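Reading through the structure tokens given below for one structure.
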Amino acid sequence: MSKYQSSDAILLRAVGYGEGNRIFTCFGRENGKFSAVARGVLKPKSKLKGHLQLGNRCDLQLVNGRGLKTIASAVAKETYAANREKAEWYFYMSYFLELFNDFLPEDAPDENLFFLLDAVLKSLGDTDPPLLARFFELKLLAAAGYAVDTEHCAVCAKKLNGGFYDTRRSVLTCENCGSGMVISPKAHFALRYLEQTDPNLVSRLKVDDETKSVLFTLNKNRIEHSLEKKVRSLEILRKAELD
Ligand SMILES: [Zn+2]
């Protein structure tokens, strides 16, 4: 590996490290997920500070050492400014970054996922946040290898028009074959739409509150089944979305 490297990256997470330093988890367009330390970034005079904000897309100059990479310079090229205007949007942005970080392994570059995150962060200000969240969750589940067949019953292979979600096995079944969580035909249609659409077309889907609630519970179940843990922001989102 050469000593110097540049990266067009979105900042997913930051933790404090030593005095005035932070370690950033980044997702690079070309190099996937990696960690790098920004030295002195918490000091008042740091030139990096303004650029290295969570959720920013930055041009980073990195120095590869024996241990962690170091961020030598950073220029924010996209701050998705709208997401910082409302507390609700900021919260969803934080959730998207957390989920993306949780689902994707280090050193597995994927340009499509990079642009998916970029597009979702750009769409947040003019799309219903809960629906955009369901869309993003479905894309990440599929990308991480946890796709579920939503077209056919997992038992008899009949074409589905609603049915059940079997929470234990994480599969969909028709009304004759299964039991578990009821997926109404309306919720099934919304699920199929969100799986197949693009970020900028999410807002064309109109759903009632009951459908929203089914989609929330379904995805939450699938995420926790896949990650084998609870996602912190999802617990908070649940409260916010039900208000
Ligand atoms: Zn069946």
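The values are calculated or read from the model by the stated rules, or taken from the named source; none is laboratory data. The structure displayed is predicted, hence computed values, not measured ones. For neighbour counting, all protein chains shown are included, and Cβ atoms are generated from backbone atoms with ideal geometry for every residue, glycine included.
With respect to Phe135, determine if the residue is surrounded by 21 or more Cβ atoms within 10 Å (Cβ to Cβ), modelled with pLDDT of 95 or more and not in a helix (DSSP H, G or I). Taking the combined requirement at face value, the residue does not satisfy it. Which of (1) over 23 Å from the mean Cα position of the chain (by Cα); (2) assigned to a loop (DSSP other than H, G, I, E, B); (3) more than 15 Å from the ligand (Cβ to nearest atom) does Glu210 not meet, given it meets every other one? (2) is the only condition that Glu210 fails.
Glu111 falls short on exactly one of the conditions (1) in contact with a strand residue (DSSP E or B) (Cβ under 8 Å, 6 or more places away or on another chain); (2) among the charged types (D, E, K, R); (3) at pLDDT 95 or above, and that condition is (1). Number of residues in the stretch 73-110 that are out of contact with any Lys or Arg (no Cβ under 9 Å at 6 or more places or on another chain), over 24 Å from Leu237 (Cα atoms) and either of a type in the set (A, V, I, L, M, F, W, C) or free of Cβ contacts under 8 Å to residues at least 40 places away in the same chain (or both): the value is 1.
Looking only at residues in the stretch 190-202 that are over 9 Å from Phe135 (Cα atoms), surrounded by fewer than 16 Cβ atoms within 10 Å (Cβ to Cβ) and of a type outside the set (S, T, N, Q), the one that is farthest from the ligand (Cβ to nearest atom) is Leu201. Filter the stretch 141-169 for residues that are assigned to a loop (DSSP other than H, G, I, E, B) and more than 16 Å from the ligand (Cβ to nearest atom) and give the result. Within the stretch 141-169, Ala144, Gly145, Tyr146, Ala147, Thr167, Arg168 meet the criteria. Checked against (1) more than 13 Å from the ligand (Cβ to nearest atom); (2) modelled with pLDDT of 95 or more; (3) outside any loop (DSSP other than H, G, I, E, B), Thr217 meets all criteria but (2). Given the structure, is Val120 part of a loop (DSSP other than H, G, I, E, B) and either within 16 Å of the ligand (Cβ to nearest atom) or under 13 Å from the mean Cα position of the chain (by Cα) (or both)? In short, no.
The residues of the stretch 145-184 that are exposed (fewer than 14 other Cβ atoms within 10 Å of the Cβ), of a type in the set (S, T, N, Q) and at pLDDT below 90 amount to a single one, Ser179.
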